[in-house]
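Asker: Quick one: the structure is below, questions incoming.
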Amino acid sequence: MRALFLRDLRLALRLGGGAGLSLSFFFIVAAVIGFSVEPDPKLLAQVGPGAVLIATALAALISLDRLFQADFEDGSLEQIALGPAPLEAAVLSKAAAHWATTGLPATLCAPLLAQMFQVPDAATLTLTLALAVGAPALSLTGAVGAALTLGVRRGGLLLSVIVAPMFSPTLILGAVAARAAALQLDPSSALLLLAAITIGALAIAPFAAAAALRINVN
Amino acid sequence: MAQNSTADDGSARPSIWRFANPHEFMRLTGRLLPWITPLAIVTLVVGLLWALLAELPPHPQGERVRIMFIHVPAAMMGINIYAMMIVASLIGLIRRHPVSHLAAKAAAPIGAVYMLAALVSGAFWGAPTWGAWWDFGDARLMAALILFFFYLGYIALWNAIEDPTSASELAAVLCLFGSIFAFLARYVSAFWNTLHQKTSLSAIDGKELVDDAIFVPLMVLFVANYLVFFVLLMISMRTEIRARRVQALRVAEG
Amino acid sequence: MRLEVKDLAAFRGDRRIFAGVSFVIEPGVAATLRGPNGSGKTTLLRALAGLSRPAAGDAVAADASLQQERDLYQERIAYAGHADAVKPAMTPREALRFWGDYFDTPRAELDERVEAALTQFELTDFADRPAGRLSAGQRRRTGLARLLLLERPIWLLDEPFNALDANAVDALARIIQSHLNAGGAALLALHGPSPLREDATFNMTDFTAVAPPASDPFLDGFDDVFAQTEPLP
C-alpha cells in the first residue's frame, strides 16, 4: 500500500494539477473571498475561518475527479484491482495521497491565511487544529464520490454536486470550532466531533468507494 | 440481473418477495391503483379544504399559521421518503431485487419536490413571522437544504449512468453512504445553534399541536400525503418498469 | 500450471455475451482465442482474470477455484489488457518498480527483476525517459514487461502484439515461448496471425451461439403487460 501512496504522491508532485497547483488554488480562492468583502478588520476576522475552510474544500474538490479516473483510463485501475491487496486498502492509500497533496498543505498554510484575514490567534490555532483533524474526512468522502462517478463522461460537475453535501458537516464544525475560539469559548467538543467524523469516514468510506469501484470496473 | 425464482409460483410460496418480481408487481399495483388513487385525491381535497376553512383558535400569527398545513406534511414526507429510499436501496443491494432499486429511483424526485415545497413554504412562513426568508443559523433549515442537495445528487447520478444495473447499484451506494451525512448534517447544524443566539424558527412544536382544530386536519393531511406519495410512486415505478421492458425487448431482438 | 474453464457464462447489463465456455489449457500450451469484434474475447479474459464476476460457471488454476478461492486463484494469473497501465509521467523503470512493489515482489529481488525485465523487452535504452515521450510500441512493451516481474504461471494477454514492430513481435514471442518452456501457460486473444505455434484455438462464436437467453426479470412472464389497459385515473 505504501507503493501506491508513494506513486500517487510522486505523480502529484511531478505533474501539473498536482500539489503545487492545488496549493495555489487554495490561496487564490481565499484571496478572492478576501477581496470581495469589505476590508474592515472586524469583518475580515469573522469571514477568515470560513474563507480558509471553503478554500480547503474547493482545493480538495477540484483534484478529486482525476483520483480514480486517470488510473481507470490507462488501465492501472484494473491492475490495482488485481493486486494482492484488497481494493479497500488501495482506496485508502489513494485517499491518503490525495489528502497529503491537498488537505495537508492547506492545513499547514492555514495559519498564514488566517493572519492575512487578521483572525485572532486563538481562533487561528483552533482553525488549524480543526483542519488537521477534519481535512482527511474531505479526501475520504471525496474518494467515494470519485468512485461513484468513475464511469461518467465529464463527471466533474456531478462529482461536486454529490460530494459537496457530504463536506458540509466537516465545514460546519470547522466554522463552529473557530467561532467558539474567537468568542473565547471551549472549542474542544466541535474538534472532537470533527475527529469523530474523520474516524467514521476512515472506517466506512474505503468500503463504500471500493464497492463503487467494483461496480464500475466490472 | 437477479433470477426471478418466484415468477409464477408465487401463490404456492406466499412471500413478500414475490412482489419484487416486476411481473407480479405490475399485476398487484394494476389492481390497487384504481382504488387508491381516488381515495388519495378525496383525502387530499378534504384535508386541504378543512385546513383552509376550519375555524382556528386565536393565534398570534393569525391566518398565517395555516401555512403549517402545507409545510409540516411536506417536511415530514421529504424526510420519510429519504428513509424509505435507504431501506429500498439496502434491499436492492442485499437481495438484488431490481424493483427495489426502481422504488428508490422513483421515490427520489417525489421526495425532492416535497423537500422543495417544505423549504419554499417555510420561507413564506418565516418572512412575515421573523422578517427573514432564510436563516443560516437554524439547524432545521440547514438540514433540510442539505437533504434537498442529496436528493439532487442522487437523481443526477441515476441519470448520468447509462447501464441500468450499474446505475441502480451505484445510486444505492450513494444513498446509503449519503444518508450517514444527511443525519450528521442534522445534528451538526443543531450544534451551530448553541453558539448562534437567535430565536429558533421552530414554531410548530409546543402547544399549538394540542388544539384539535389544528391537530385533526393536520392528521388528515398526513394520511393524504402518504396516499398521494404511494400513488405517485406506483405510477412512476410502473412507467419505469415499462421503459425497462421496452429496453429489454429491444436487446432481446438484437 | 493448468487452467480449466468450466461452463463459464457472462452477461453485460441485460445482454448475454457467452455461455458454456469450457476448455482446458495444459502447462506449456499457448491457447489462442479468436472471434470477431464484440464477440466477448475481452470479457472472457477479464472474467478469467477475476475482474468481473461471471454469471455462471467457474475457472480453476491448478487447484484454486475462481469462485471459491478467488485470492489464491488470482495469485496464479497475470493479465495484460488493452491498456498498458503505464503513466505518462513515469519512466519504464519507475513503472516496473512500482508494479513490482505493488504486487509484493520481495524488496531484495526487485531491482534485479526490474533490470532483467527491461533487458528482455529491450527497454534499457529509454528506461529513464518518461513514458509520455515513448512510442506506443515502447509503452506496450513496458506494460508487458510487468508479466516478467509478477512470476505468475498463467498469462492472459489481450491482443499483446498490437502496436509492436516486427522485432518486438519476435522478442515477445520468444518471451512467451520461454514462459511456456518453464511450465507456464498462456491464453492470447488475437486477430492477426500468431507468431507462436497455435497449440489450441478457441473460437468465441462457438460459445455465443449456444448461449441460452438471459434470464431477465423485465422480460420474463410479462406477456400480458401491454395488454393491460386498465385506465389510470
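Asker: Need one number: convex hull volume per residue for chain A, Cα atoms only, in Å³.
Answerer: 106
Asker: Ignore the peptide's own chain and count Cβ atoms of other chains within 10 Å of each Cβ in B:178-188; give me the average, rounded.
Answerer: Mean partner shielding for this stretch: 6.
Asker: If you don't mind, there's one more thing I want to ask. In what sequence, largest accessible area first, do A:Cys109, B:Cys175 appear using a 1.4 Å probe?
Answerer: A:Cys109, B:Cys175
Asker: What accessible area, in Å² to the nearest ten, does a 1.4 Å probe give for A:Leu6?
Answerer: Ignoring ligands and nucleic acids, A:Leu6 comes out at about 80 Å².
Asker: Which ³J(HN,Hα) values, rounded to whole Hz and listed in residue order, are derived for segment B:44-55 from phi using the Karplus coefficients 6.51, -1.76 and 1.60 in 6.51 cos²θ - 1.76 cosθ + 1.60 with θ = phi - 60°, glycine and proline given as x?
Answerer: Karplus values, whole Hz, x for Gly and Pro: 5, 5, 4, x, 5, 5, 4, 4, 7, 9, 4, 7.
Asker: Sticking with this one: Given 0.36 nm per residue, what is the gain on full extension from B:Val223 to B:Leu56 after removing their alpha carbon distance, in nm?
Answerer: 58.1 nm
Asker: Here's something else I'd like to know. For chain A, list the DSSP H helices whose alpha carbon atoms reach 27 Å or more along the long axis and whose average Kyte-Doolittle value is -1.0 or above?
Answerer: The answer, listed by residue number, is A:41-62, A:121-148, A:156-182, A:188-217.
Asker: Percentage of Cα-Cα pair distances in segment B:17-105 greater than 20 Å, rounded to whole percent?
Answerer: 58
Asker: Also: Rank by packing, highest mean first: peptides A:44-51, C:37-44, with packing defined as the count of other Cβ atoms within 10 Å averaged across residues.
Answerer: A:44-51, C:37-44
Asker: What does the average come to when, for each residue of peptide C:43-55, you count the partner chain Cβ atoms lying within 10 Å of its Cβ?
Answerer: Counting other chains' Cβ atoms within 10 Å and averaging over C:43-55 gives 2.
Asker: Just by accessible area at a 1.4 angstrom probe, what is the order of C:Arg34, B:Arg140 from largest to smallest?
Answerer: Listed by decreasing accessible area, they come as B:Arg140, C:Arg34.
Asker: Wrap a convex hull around the Cα atoms of the protein assembly as shown, take a quarter of its surface area, and give that in square nanometres.
Answerer: 35.6
Asker: With an 8 Å Cα cut-off and a minimum separation of 6 or more residues, compute the relative contact order for chain A in percent.
Answerer: It rounds to 26 percent for chain A.
Asker: Would you calculate a helix-derived [θ] at 222 nm for chain A, using -39,500 (n - 2.57) for each DSSP H run of n ≥ 4 and dividing by the full residue count, to the nearest 500?
Answerer: Using -39500 (n - 2.57) per qualifying helix, the result is -28000 deg cm²/dmol.
Asker: Right, here's the next one. Under the rule of -39500 (n - 2.57) per DSSP H run of 4 or more residues, summed and divided by the residues of chain C, what mean residue ellipticity at 222 nm is obtained, to the nearest 500 deg cm²/dmol?
Answerer: Roughly -10000 deg cm²/dmol at 222 nm, from the helical runs in chain C.
Asker: If you don't mind, there's one more thing I want to ask. Leaving out ligands, DNA and RNA but keeping every protein chain, what accessible area does C:Ser22 have, in Å² rounded to the nearest 10, with a 1.4 Å probe?
Answerer: 60
Asker: Report the relative contact order of chain C, percent, no decimals, based on alpha-carbon pairs under 8 angstrom and at least 6 residues apart.
Answerer: 31
Asker: Straight-line reach from B:Lys105: which aspartates and glutamates fall under 12 Å, measuring Cα to Cα and dropping same-chain residues less than 8 apart?
Answerer: Candidates past the 8-residue exclusion: B:Glu169, B:Glu240.
Asker: Magnitude of the Cβ-charge dipole of chain C, K/R +1 and D/E -1, about the Cα centre, nearest 20 debye?
Answerer: That gives a dipole near 640 debye.
Asker: What translational D, rounded to a whole number of µm²/s, comes out for segment C:1-79 from Stokes-Einstein when the hydrodynamic radius is the Kirkwood one over Cα pairs, at 10 °C and 1.306 mPa s?
Answerer: Taking Rh from Cα pairs, D becomes 124 µm²/s.
Asker: With all protein chains present, calculate the accessible area of C:His191 using a 1.4 Å probe and round the result to the nearest 10 Å².
Answerer: In the full protein context, C:His191 sits at about 100 Å².
Asker: Along the principal axes of its C-alpha atoms, what lengths does segment C:87-151 span, in descending order and rounded to whole Å?
Answerer: Dimensions of segment C:87-151 along the principal axes of its Cα atoms: 30, 21, 16 Å.
Asker: Report the one residue of A:Ile62, A:Gly200, A:Pro84 whose Cα lies farthest in the direction of the positive end of the charge dipole of segment A:2-217 (charges on C-beta: Lys and Arg +1, Asp and Glu -1; origin at the Cα centre).
Answerer: Working it through, the farthest residue towards the positive pole turns out to be A:Pro84.
Asker: If I stretch the segment between A:Glu38 and A:Gln115 completely, what's the gain in nm (0.36 nm per residue apart, minus their alpha carbon distance), one decimal?
Answerer: Here the answer is 26.1 nm.
Asker: Starting from the residue with the highest accessible area, list C:Asp58, B:Asp163 in decreasing order, probe 1.4 Å.
Answerer: I get B:Asp163, C:Asp58, largest accessible area first.
Asker: Please work out the FRET efficiency for the pair C:Ala182 and A:Met1, using the Cβ-Cβ distance as r and a Förster radius of 25 Å; give the result to the nearest 0.05.
Answerer: Given R0 = 25 Å and the Cβ-Cβ separation, E is 0.25.
Asker: Sort the following peptides by mean Cβ neighbour count (other Cβ atoms within 10 Å, averaged over residues), highest first: A:162-169, B:214-221, B:61-68.
Answerer: Output ranking for A:162-169, B:214-221, B:61-68: A:162-169, B:214-221, B:61-68.
Asker: Okay, moving on. May I ask you to evaluate 6.51 cos²θ - 1.76 cosθ + 1.60, the Karplus curve with θ = phi - 60°, for each residue of segment B:150-164 and list the ³J(HN,Hα) values in order in whole Hz, giving x for glycine and proline?
Answerer: These are the phi-based 3J(HN,Hα) values: 4, 4, 4, x, 4, 5, 4, 5, 4, 6, 7, 9, 6, 5, x Hz.
Asker: Another question about this same structure. Computed FRET efficiency, Cβ-Cβ of A:Arg14 and B:Phe183, R0 41 Å: what is it to the nearest 0.05?
Answerer: Computed FRET efficiency for A:Arg14 and B:Phe183 comes out at 0.50.
Asker: Helix C:136-150 sits at what angle to the longest principal axis of chain C, using alpha carbons and giving 0 to 90 degrees rounded to 10?
Answerer: The angle comes out at about 90 degrees.
Asker: In debye, nearest 20, what is the charge dipole magnitude of the protein assembly as shown about its Cα centre with +1 on Lys and Arg Cβ and -1 on Asp and Glu Cβ, if you could check?
Answerer: The calculated dipole for the protein assembly as shown is roughly 500 debye.
Asker: I'd like the mean, over residues of A:79-89, of how many other protein chain beta carbons sit within 10 Å of each residue's own Cβ.
Answerer: Other-chain Cβ atoms within 10 Å of each residue's Cβ, averaged: 5.
The values are calculated or read from the model by the stated rules, or taken from the named source; none is laboratory data. Not measured: the values here are computed from a predicted model. Counting neighbours? That spans all protein chains shown, and the Cβs are built from the backbone with ideal geometry, glycine included. Calculation scope for accessible area: heavy atoms of the full protein, side chains included, ligands and nucleic acids excluded. Shrake-Rupley method; radii C 1.70, N 1.55, O 1.52, S 1.80 Å.
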